[in-house]
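These notes concern the structure reproduced below.
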Amino acid sequence: MAYSARKQKAFPSKETTLSYWIGEAEAKLAKHRTTEELPEQADVLIIGSGFSGASVAFNLLEQTDETVLLLEARDICSGATGRNGGHMRSYYHHDQYDFSKNYGQKTAAHIAMYEHEELNVVENLVRKYSIDCNFVRRTSFVTYDDPSLEKSGLRDYYAFVNNPYIDQKVKDGVRIVFDEQARKEHASTSFGVYTPTSSVWPYKLVCGLLEIALSKGLNLQTNTAVEELECLEDNTWMVKTPRGHVHARKVVIATNAYTRALLPDFWGKITPVKGVVSHLKSESNKTLETNMVHTIPVEIDYISVQDDGSLIIGGGGKTYKTPPNREMMVDNADDSYFPEETRQYFVG
Ligand SMILES: Cc1cc2nc3c(=O)[nH]c(=O)nc-3n(C[C@H](O)[C@H](O)[C@H](O)COP(=O)(O)OP(=O)(O)OC[C@H]3O[C@@H](n4cnc5c(N)ncnc54)[C@H](O)[C@@H]3O)c2cc1C
């Protein structure tokens, strides 16, 4: 495919699947445009309205008096943040063996403690600003459903507990259980690890942050795709959209897997890989006590329990690890479809 055609396909697609989070939430900001016309200039111009773009806008407007403009190609928060698992998976032990081996125990400890602190930071933020986003502290149970993964699971756990740079209070939050105790949570695992986690409604959290940013002067323009960036001689930027050009002193690119459409240097470095999550509601009142992370080959499956007991279930990687479904999911930014086999996997 010619480069110009590949580039065109790397931008957010016009059509998208409607996610549970977006479909069921109030859509106050969905098509928001703070001003009818696009401003001609801004101190900081942010591209993308997911977690990254919204938190940069929120923090800039909290801490500085810069003029901030946020441009979003589609409706608000319509990328990964608006369609993810809503599961803050702080399973600190995961990958700790490799992190210690490759980067040293100090760096591995920083990563684990960063994940630990992340939960507190988000919880404090949500409470401080009373953001209505169904944030609930929960426990996750990590299982090792496939025997081939048990060894690496244990190696990770023991690398974590034996790392002298990890605070004891962080280690105390993580607990391993074996045999019968483990099988009480999940029948086909010989051990499992309990970790702190939370469930959250990501779309509502982003909308909450953006509402605060708007009250502090954010100019938000949805359905305004940035088509091109030009760096000027004085190191400021001309940002080009179908609605006109904006001159910005600084540009923040928070475009996730779409980044290579704007910055060609990222071809081969950032490649989109889609994922699928489903929302399941049971007709009985029964639900799960814990969130679950099932470690299986190809991709984990995970379950985040909602306030009302319904489940968000993500994963299904084995349904698209080979062609032709792989082509629908890997190196493909179009999020308007996914394989039928993946839908059936969740139904099953
Ligand atoms: C199915 C799935 C399940 C996941 N589950 C979890 C989970 O349970 N827990 C977890 O922690 N993480 C999960 N993730 C990962 C998490 O959702 C992402 O890491 C996170 O949302 C990325 O946020 P972001 O703001 O960087 O990107 P995004 O939310 O993707 O936002 C990027 C935005 O930029 C916009 N944009 C792109 N190009 C342009 C342009 N040229 N002009 C204007 N706007 C543009 C897009 O439209 C989009 O709105 C999951 C991801 C997926 C896809």
From the option list E26, E40, single residue qualifying as away from the ligand (no atom under 15 Å from the Cβ), outside the structural domain of Y114 (by TED's automatic domain parsing) and more than 29 Å from V136 (Cβ to Cβ) is E40
When every residue in the range 319-342 that is closer than 24 Å to S282 by Cβ and in contact (Cβ under 8 Å) with a residue 12 or more places away in the chain is compared, the one nearest to the chain's Cα centre (by Cα) is F338
Subset of the range 112-138, residues touching a strand residue (DSSP E or B) at 6+ places or on another chain (Cβ under 9 Å), surrounded by fewer than 16 Cβ atoms within 10 Å (Cβ to Cβ) and either among the hydroxyl-bearing types (S, T, Y) or free of Cβ contacts under 8 Å to residues at least 40 places away in the same chain (or both), comes to E118
Counting only residues that are among the hydrophobic types (A, V, I, L, M, F, W, C), over 21 Å from A187 (Cα atoms) and in contact with a strand residue (DSSP E or B) (Cβ under 7 Å, 6 or more places away or on another chain), the range 291-340 contains a total of 2
(1) away from the ligand (no atom under 12 Å from the Cβ); (2) of a type outside the set (G, A, S); (3) surrounded by 18 or more Cβ atoms within 10 Å (Cβ to Cβ) all hold for D301 apart from (1)
The number of residues in the range 43-55 that are more than 8 Å from the ligand (Cβ to nearest atom) and either crowded, with 22+ Cβ neighbours inside 10 Å or among the hydrophobic types (A, V, I, L, M, F, W, C) (or both) is 3
Checked the range 250-274 for anything crowded, with 18+ Cβ neighbours inside 10 Å and under 15 Å from the mean Cα position of the chain (by Cα); matches are A254, T255, N256, A257, Y258, P272, K274
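Would you call A261 touching a residue at least 40 places away in the same chain (Cβ under 8 Å) and not polar (S, T, N, Q)?
Yes, satisfied.
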The correct count of residues that are basic (K, R) and open to solvent by less than 80 Å² (accessible area, probe 1.4 Å) in the range 166-198 is 1
Scanning the range 76-90 residue by residue, those in contact with a helix residue (DSSP H, G or I) (Cβ under 8 Å, 6 or more places away or on another chain) and not in a helix (DSSP H, G or I) turn out to be I76, C77, S78, G79, N84, G86, M88, S90
Among residues of the range 89-111 being at pLDDT below 95 and open to solvent by less than 40 Å² (accessible area, probe 1.4 Å), the residue nearest to Y203 (Cα to Cα) is S90
Within the range 56-98, restricting to residues that are more than 8 Å from the ligand (Cβ to nearest atom) and among the β-branched types (V, I, T), the one that is nearest to L220 (Cα to Cα) is V68
> Can you spot a residue in the range 309-320 that is of a type in the set (S, T, Y), in a helix (DSSP H, G or I) and more than 30 Å from E228 (Cα to Cα)?
Replying inline: yes
How many residues of the range 13-33 are under 12 Å from G79 (Cα atoms), in contact with a helix residue (DSSP H, G or I) (Cβ under 6 Å, 6 or more places away or on another chain) and either among the small types (G, A, S) or not in a helix (DSSP H, G or I) (or both)? The answer is 1
Counting only strands (runs of 3 or more DSSP E) wholly inside the range 138-250, the ones holding at least 2 residues that are touching a Cys at 6+ places or on another chain (Cβ under 7 Å) are none
Per the filter on the range 191-245, residues within 13 Å of the ligand (Cβ to nearest atom) and basic (K, R) are K240, R243
| message | Among the residues in the range 293-304, are any of a type in the set (F, W, Y) and within 23 Å of P12 (Cβ to Cβ)? | response | no
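The values are calculated or read from the model by the stated rules, or taken from the named source; none is laboratory data. In this text the structure is predicted, and so the values were computed from the model without any measurement. Counting neighbours? That spans all protein chains shown, and the Cβs are built from the backbone with ideal geometry, glycine included. Areas reflect the complete protein model, heavy atoms only, side chains present, ligands, DNA and RNA absent. Shrake-Rupley method; radii C 1.70, N 1.55, O 1.52, S 1.80 Å.
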